[in-house]
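Student: Just passing along the structure, written as structure tokens.
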């Protein structure tokens, strides 16, 4: 009798684990991660427009390369961008001017939410900016707010 109980418990445990695995796989299908960050490698210049301003500021080549290096390593989230601009967020617009090809610019947005920095590519993905060395905060770049410190 005891042997039969152990066998039934083992089979039940296997079915529970299989059900859990199927549930997790279903979540990945229903809520996929954004594709990896795809920003142009070649660019001529970069401009930013801070939230609430209409003034475009040109970012130095060094700061633009630093920013792009950090952004290319951003982690995809399971949230998708469904708008032209981030909804309900105070964001900085970044425009990367590229050599004349099919499209002469790449636009993305940076914003802070819950103490974390995010990048949003319109109708693409939303990415968590991973900057563990605080390389971006160490530079006085146009999108930083001196009152907030970042």
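Values quoted throughout were computed directly from the atomic coordinates according to the rules given, and no laboratory measurement underlies them. Source: prediction; values computed, not measured.
Student: Calculate, in nm to one decimal, what residue 6 and residue 87 gain on full extension: separation in residues at 0.36 nm each, minus their alpha carbon distance.
Tutor: Answer, rounded to one decimal: 23.7 nm.
Student: Principal axes first, then extents: for the Cα atoms of region 45-128, list largest minus smallest coordinate on each axis, whole Å, largest first.
Tutor: Between the extreme Cα coordinates on each principal axis of region 45-128 lie 32, 26, 23 Å.
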